[in-house]
Amino acid sequence: MTINAGPFAGTTRLTSRRRELELDALAAAPAVDLLVIGGGVTGAGVALDAAARGLRVVLVEARDLAFGTSRWSSKLVHGGLRYLASGRIGVARESAVERGVLMTRTAPHLVRPLPQLVPLLPGLLRPGQASLVRAGFLAGDALRLSAGTPGAVLPRMRRVDATRARQLVPGVRAVGLAGALVAHDGQLVDDARLVVALARTAAQYGATVLTRVRAEQVTGTSARLVDGLTGQSLDVTAGAVVNATGVWAGEVDPSIRLRPSRGTHLLVDAAALGHPVAALTVPVPGSTSRFVFALPQQLGRVAIGLTDEDAPGPIPDEPQPTDAELDFLLDTVNAALTTALTRADVRGAYAGLRPLIDTGGGSTADLSRQHAVLESPSGVITVVGGKLTTYRRMAEDAVDTAVRLRELPARACWTARLPLVGAPGHRDSRPAPEGAVPASLLARHGGTAREVLAAGGAEPIAEGIDVTRAEIAYAVTHEGALDASDVLDRRTRIGLVAPDAARARAAVEEIVGECLAR
């Protein structure tokens, strides 16, 4: 596949210097094929899809990559079992297919199989509910098979005894435990890392990726871009403009009507649940399709989530969990634990807003997770709805629409077989011999782990935090981080726990400053 011409085409490195030079190049030649607004997983996916088809692409993000909803997910790459339970077969199968693409071709270095354990405990499941869960898991197996994902990647559903259940989740309540049902799904090591990998791979194929750049006066063929660092502006023209700003889509295109839904997670130390290796899955009382999950995470944490609450009003930069949501999550998960968790166990919490399409009344939990590609009266093409797992299909549909409506000179989509930076098969990926790099670094960077280690030292950035000094430097020299917040909150997830961020901040600021000064 031919890579677009340009001073940086062919390299995945995103740096502050590259940003400056590409802004200058854009000012000198401000006509592009496609302008993408929004640097979350969908916008980065659109940029990669279009650039890989041979289009001249510019992606602008007013803040940082993965600043919005894309960093606040459960980190699950799921097969759509919940949608199958509610009769949304098309959405469920699309999820299963895209999960398989991520796990076998595009990003297997970032996604691992995660056992999901439903304990068979008295009082936890209503009469007949265990049979419904088992039937759902079997249907999920059928979805996996129909999507072509092998059992070696995602093992089939099984029932385990109480001893095995407590090996998988040591904190599960032992009294009355009659075993558990176990199914497998996909889990990202970090959702923000997926976004960065997409943006870097898009840059390799010639896309211009500009953070801290705001789009104003947007039409279907033009926009004014304002550099948030210098205040300078430039006008660009485009064959098509794609609005991929998620919950902020209505600010770019006022014709879009969204009904945001807030999903909240809390973080506890993994030790509080006995260092589980499976996700504890607890039914929400009164619901047949909703669960609360206790999900093992990097950095020695477990994320417990999630909620589904209406979030009307202005869209905040960083949504905040409510006390009621935290209490709901604790109360629900405690029904399955030997030792109840309290507010004192909560190390951090976060919330994200789902950009759901407003279809009228009812609960947000009942709104469709199907995405939509819409053309506004001004000609802006907006892609909205959907979910993280199906970002690639959303991007493909958005670019297909732009190509069709604007007759852009693009080749066919091939992102279903395009490995992201760090994945096996990507030209910059170099497998690291066992023990050559820390296991946590390998899990976050895959085939670029040795390159990351070469950027700095292997020692932790702070005591008790398994993020290396090399990863901090690499975030600046290769991943487009422009300040300490970019590193703490998105290139790593140290910032999710405030005391961790406080301990690491001085060292992170020092390394970031040194790298930017080079």
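Checking each residue in the stretch 327-347 for being open to solvent by less than 60 Å² (accessible area, probe 1.4 Å) and in contact (Cβ under 8 Å) with a residue 40 or more places away in the chain picks out LEU329, LEU330, THR332, VAL333, ALA335, ALA336, LEU337, LEU341, ASP345, VAL346. Pairs meeting the criteria (first residue in the stretch 103-122 and over 29 Å from GLY425 (Cα atoms), second residue open to solvent by less than 20 Å² (accessible area, probe 1.4 Å) and modelled with pLDDT under 95, beta carbons under 6 Å, at least 6 apart or on different chains) are VAL118/VAL133. Take VAL91 and decide whether it is touching a helix residue (DSSP H, G or I) at 6+ places or on another chain (Cβ under 8 Å), hydrophobic (A, V, I, L, M, F, W, C) and surrounded by 23 or more Cβ atoms within 10 Å (Cβ to Cβ). In short, no.
Restricting ARG212, ARG224 to residues that are under 22 Å from the mean Cα position of the chain (by Cα), closer than 26 Å to GLU22 by Cα and charged (D, E, K, R) narrows the list to ARG212. Looking at ALA203, ALA244, which is the one that is of a type in the set (A, V, I, L, M), open to solvent by less than 30 Å² (accessible area, probe 1.4 Å) and either within 13 Å of LEU35 (Cα to Cα) or in contact with a Cys (Cβ under 6 Å, 6 or more places away or on another chain) (or both)? One residue alone meets the criteria, ALA244.
Yes/no per residue for (1) open to solvent by 30 Å² or more (accessible area, probe 1.4 Å); (2) in contact (Cβ under 8 Å) with a residue 60 or more places away in the chain; (3) of a type in the set (D, E, K, R):
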{"residue": "VAL380", "(1), (2), (3)": "no, yes, no"}
{"residue": "LEU405", "(1), (2), (3)": "yes, yes, no"}
{"residue": "VAL421", "(1), (2), (3)": "no, yes, no"}
{"residue": "ARG427", "(1), (2), (3)": "yes, no, yes"}
{"residue": "LEU441", "(1), (2), (3)": "no, no, no"}
{"residue": "GLU459", "(1), (2), (3)": "yes, no, yes"}
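Kindly indicate the residue of the stretch 68-88 that is open to solvent by less than 40 Å² (accessible area, probe 1.4 Å) and of a type in the set (Gly, Ala, Ser) and also farthest from LEU145 (Cα to Cα) among those meeting that condition. Residue satisfying both the conditions and the ranking: GLY68.
Scanning the stretch 345-353 turns up one or more residues that are over 23 Å from VAL247 (Cα atoms) and of a type in the set (Lys, Arg).
Of the residues that make up the stretch 226-233, is at least one hydroxyl-bearing (Ser, Thr, Tyr), under 23 Å from ASP486 (Cβ atoms) and surrounded by 23 or more Cβ atoms within 10 Å (Cβ to Cβ)? No - not one qualifying residue is present in the stretch 226-233.
Go through the residues of the stretch 505-518 one by one and say whether even a single one is touching a helix residue (DSSP H, G or I) at 6+ places or on another chain (Cβ under 9 Å), at pLDDT below 95 and open to solvent by 40 Å² or more (accessible area, probe 1.4 Å). Taking every residue of the stretch 505-518 in turn, at least one turns out to be touching a helix residue (DSSP H, G or I) at 6+ places or on another chain (Cβ under 9 Å), at pLDDT below 95 and open to solvent by 40 Å² or more (accessible area, probe 1.4 Å). For LEU306, the stated conditions do not hold, so it cannot be described as at pLDDT 95 or above and either open to solvent by less than 30 Å² (accessible area, probe 1.4 Å) or not acidic (Asp, Glu) (or both). The single condition among (1) in contact with a helix residue (DSSP H, G or I) (Cβ under 6 Å, 6 or more places away or on another chain); (2) charged (D, E, K, R); (3) surrounded by fewer than 21 Cβ atoms within 10 Å (Cβ to Cβ) that ASP500 does not meet is (3).
A quick yes/no check of all residues on (1) in contact with a strand residue (DSSP E or B) (Cβ under 8 Å, 6 or more places away or on another chain); (2) in a strand (DSSP E or B):
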{"residue": "GLY220", "(1), (2)": "yes, no"}
{"residue": "VAL236", "(1), (2)": "yes, yes"}
{"residue": "VAL241", "(1), (2)": "yes, yes"}
{"residue": "TRP248", "(1), (2)": "no, no"}
{"residue": "GLU251", "(1), (2)": "no, no"}
{"residue": "ILE256", "(1), (2)": "yes, no"}
{"residue": "GLY263", "(1), (2)": "yes, yes"}
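Which ones in the stretch 224-276 are hydroxyl-bearing (Ser, Thr, Tyr) and without any contact (Cβ under 8 Å) to a residue 24 or more places away in the chain? THR230, SER233, listed by residue number.
Could you please find all residues in the stretch 407-419 being open to solvent by less than 70 Å² (accessible area, probe 1.4 Å), within 24 Å of SER95 (Cβ to Cβ) and not β-branched (Val, Ile, Thr)? Within the stretch 407-419, CYS413, TRP414, ALA416, LEU418, PRO419 meet the criteria.
When restricted to residues that are outside any helix (DSSP H, G or I), under 19 Å from the mean Cα position of the chain (by Cα) and of a type outside the set (A, V, I, L, M, F, W, C), the stretch 455-500 contains 4.
Evaluating LEU267 against the criteria (1) under 23 Å from PRO499 (Cα atoms); (2) not in a strand (DSSP E or B) leaves one unmet condition, (2).
The values are calculated or read from the model by the stated rules, or taken from the named source; none is laboratory data. Only a predicted model underlies this, so the values are computations on that prediction, with no experimental measurement involved. Glycine gets a Cβ as well: all are built from the backbone with ideal geometry, and neighbour counts include every protein chain shown. The area values use the complete protein model at the heavy-atom level, side chains included, leaving out ligands, DNA and RNA. Shrake-Rupley method; radii C 1.70, N 1.55, O 1.52, S 1.80 Å.
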